[in-house]
Ligand code: GDP
Ligand code: CA
């Protein structure tokens, strides 16, 4: 079976472990969000690609959900001693090596997709990980700080400001000019099923869908498209997805997120059992919906979620 999964960071990566466990012989292609990418200390950092790569490759810090296990922060401390920031972004010593290799390869002329493949040669994530695009896309958030409107990089909004101020708009800068990376449209066209993990619907999956051609390819592929809600009990399970949902005028409910994707894109939607009351409304909007446990508390629970998603895909297909 060929499975295509659109993924952000933590939610996407953890769900992918469940997909691998549920269907060990599946050919899984992951289309990764690169809107979170940022240049720091002269280095190109791709947080979501790395979270997927480290999580599936066994190098992730399990407690934090991002960064390397057993990490130290000597380089960051030394940079701070020179007064060189930003201090709000945690880059560990081990992690630095990834960004150095990536930046060196990009500088030598390799596209990000080729660089990602090279990095995955070491990590062997067991999936084919492709960035959504080789072109530069940067998610910016329009905020009001000290009475002034300004746009900040998504990482500044998320990590420095902890999404503590309202977001007025979320803009994937450069997306409209970006082309899907080599292999993205082909993987979608060849897929048996497309899954949207419980990733952020605005700044992870929304950004991937903003690359011209990707949304259309998924809608036209003629295969089941099934998503899992990152919103459980009217709140994000972790993180601040409610803040960016508000910026695009979408309520932080499992049902509203399904309708935001829409029946033109989504065939099936899983909500958590606590949101069982929203199933009828989602189905009325033309999206097949089931309520099942959606908390990725351990490997078994996560694999069960993947199985439910694939079962719903089969139901939709039939
Ligand atoms: P990020 O790039 O690291 O923010 O990660 P993603 O965009 O892939 O995923 C973030 C989303 O995952 C958040 O909106 C969370 O609500 C959601 N999430 C995290 N853990 C779980 C879980 O166990 N169950 C569900 N349903 N959603 C989760
Ligand atoms: Ca992210």
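The values are calculated or read from the model by the stated rules, or taken from the named source; none is laboratory data. Nothing here was measured: the structure is a model prediction, and the numbers come from that model. Here Cβ is always computed from backbone atoms with ideal geometry, including for glycine, and neighbour counts include all displayed protein chains.
Details
- Within region 1-25, restricting attention to residues that are away from ligand 1 (no atom under 13 Å from the Cβ) and assigned to a loop (DSSP other than H, G, I, E, B), the residue that is farthest from residue 228 (Cα to Cα) is 25.
- Candidates in region 31-48 are the residues that are out of contact with any helix residue (DSSP H, G or I) (no Cβ under 6 Å at 6 or more places or on another chain) and within 15 Å of ligand 1 (Cβ to nearest atom); of these, the one that is nearest to residue 175 (Cα to Cα) is 34.
- Filtering region 14-30 for residues that are away from ligand 2 (no atom under 16 Å from the Cβ) and under 21 Å from residue 111 (Cβ atoms) leaves a non-empty set.
- Consider region 211-227 and keep the residues that are buried (at least 23 other Cβ atoms within 10 Å of the Cβ) and assigned to a loop (DSSP other than H, G, I, E, B). The one that is nearest to the chain's Cα centre (by Cα) is 211.
- Meets criteria (modelled with pLDDT of 95 or more, within 16 Å of ligand 1 (Cβ to nearest atom) and in contact with a helix residue (DSSP H, G or I) (Cβ under 8 Å, 6 or more places away or on another chain)) for residue 198: yes
- Within region 183-211, the set of residues being more than 16 Å from ligand 2 (Cβ to nearest atom) and in contact with a strand residue (DSSP E or B) (Cβ under 8 Å, 6 or more places away or on another chain) comprises 183, 184, 187, 188, 190, 191, 192, 193, 194, 195.
- When restricted to residues that are buried (at least 18 other Cβ atoms within 10 Å of the Cβ) and either modelled with pLDDT under 95 or in contact with a helix residue (DSSP H, G or I) (Cβ under 9 Å, 6 or more places away or on another chain) (or both), region 173-184 contains 4.
- Helices (runs of 4 or more DSSP H) (entirely within region 248-318) containing at least 3 residues that are under 30 Å from residue 62 (Cβ atoms): 254-261, 299-317
- Residues that are within 14 Å of ligand 2 (Cβ to nearest atom) and either modelled with pLDDT under 95 or in contact with a helix residue (DSSP H, G or I) (Cβ under 7 Å, 6 or more places away or on another chain) (or both) within region 3-13 comprise 6, 7, 8, 9, 10, 12, 13, listed in sequence order.
- Screening residue 64 on (1) loosely packed, with under 15 Cβ neighbours inside 10 Å; (2) in contact with a helix residue (DSSP H, G or I) (Cβ under 7 Å, 6 or more places away or on another chain); (3) under 30 Å from residue 307 (Cα atoms) shows it passes everything except condition (2).
- Residues within region 126-151 that are crowded, with 18+ Cβ neighbours inside 10 Å and either free of Cβ contacts under 8 Å to residues at least 40 places away in the same chain or in contact with a strand residue (DSSP E or B) (Cβ under 8 Å, 6 or more places away or on another chain) (or both), tallied: 12
- Listed by first and then second residue, the pairs linking a residue in region 230-252 that is farther than 22 Å from residue 277 by Cα and near ligand 1 (Cβ under 9 Å from one of its atoms) to a residue that is at pLDDT below 95 and assigned to a loop (DSSP other than H, G, I, E, B), with Cβ atoms under 7 Å apart and 6 or more places separating them unless they lie on different chains, are 240/163.
- Flag if residue 28 is part of a strand (DSSP E or B), away from ligand 1 (no atom under 16 Å from the Cβ) and either without any contact (Cβ under 8 Å) to a residue 60 or more places away in the chain or touching a strand residue (DSSP E or B) at 6+ places or on another chain (Cβ under 7 Å) (or both): no
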